[in-house]
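The values are calculated or read from the model by the stated rules, or taken from the named source; none is laboratory data. From a predicted model like this one, the values you see are computed outputs, not experimental measurements. Positions of Cβ are generated from backbone atoms using ideal geometry, with glycine treated the same way; all protein chains shown enter the neighbour counts. Surface accessibility is based on the protein's heavy atoms, side chains included, excluding ligands, DNA and RNA. Shrake-Rupley method; radii C 1.70, N 1.55, O 1.52, S 1.80 Å.
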Amino acid sequence: MHGDPWDLIAADRFKIEMKNPYSPVYMTCIEEAKKDLRAKARPELVSMPESIDAYDTVVLAYPNYWGTMPMAVFTFLERYDFSGKTILPLCTNEGSGMGSSERDLKRTCPGATVKDGLSITGSAVASAKEAVRRWLDSNGLLK
């Protein structure tokens with residue numbers, strides 16, 4: 001199945017973007033990400049939602065950088081109180097699966113319910129719509 005999997009649900013979207021993004025050159029990008037991970041950096045973001053209070057469920061999609069979420073995702077998560085909210089993690093990777101990201105989400109968002117994530121191999125993203133549909137359905141997001 002092709003097409004944007006997010007067309008499957010009616011949802012607001014927010015893109016986590018760093019003010020100083022990593023290089024588009026893959027090898028440089030992963031080295032920059034490793035440096036930020038080791039420093040436990042919290043990169044500044046282009047923008048942040050004023051509030052997430054209106055949301056009960058957050059689908060959080062991110063690439064697996066060095067076994068967890070990019071540090072910019074931590075910047076986003078640490079700004080808000082996710083108590084009582086449900087987080088559905090979706091992670092792209094090249095074979096490392098979810099890594100420690102689900103555990104890191106639980107630690108970073110105490111009081112949130114972190115559901116089992118969906119791991120998608122980066123090279124299979126274009127054909128992942130059916131897998132995403134099944135995952136969203138199993139989490140009660142499809143009517």
Open item on the list: Looking at F76, F82 in this structure, which one is of a type in the set (F, W, Y), touching a residue at least 40 places away in the same chain (Cβ under 8 Å) and open to solvent by less than 20 Å² (accessible area, probe 1.4 Å)?
Closed with: F76
TODO: Any residue in region 1-24 that's loosely packed, with under 10 Cβ neighbours inside 10 Å: show its pairings with residues that are of a type in the set (A, V, I, L, M, F, W, C) and at pLDDT below 95 at Cβ separation under 8 Å, as long as the two are six or more apart or on different chains.
DONE: H2/A126; R13/W6
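On the basis of being modelled with pLDDT under 95, exposed (fewer than 14 other Cβ atoms within 10 Å of the Cβ) and over 21 Å from I9 (Cα atoms), does G95 make the cut? Walk me through how you get there before you give the answer.
Details: modelled with pLDDT under 95: yes; exposed (fewer than 14 other Cβ atoms within 10 Å of the Cβ): yes; over 21 Å from I9 (Cα atoms): yes.
The answer is yes for G95.
Just to be sure before I move on: is I52 modelled with pLDDT of 95 or more, surrounded by 13 or more Cβ atoms within 10 Å (Cβ to Cβ) and more than 15 Å from the chain's Cα centre (by Cα) in the structure I sent? Steps first, please.
Details: modelled with pLDDT of 95 or more: yes; surrounded by 13 or more Cβ atoms within 10 Å (Cβ to Cβ): yes; more than 15 Å from the chain's Cα centre (by Cα): yes.
So I52 passes the test.
Looking at L8, L60, can you tell me which residue is under 22 Å from D137 (Cα atoms) and at pLDDT below 95?
L8
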- [ ] Would you check if S101 is loosely packed, with under 13 Cβ neighbours inside 10 Å and of a type in the set (S, T, N, Q)?
- [x] no
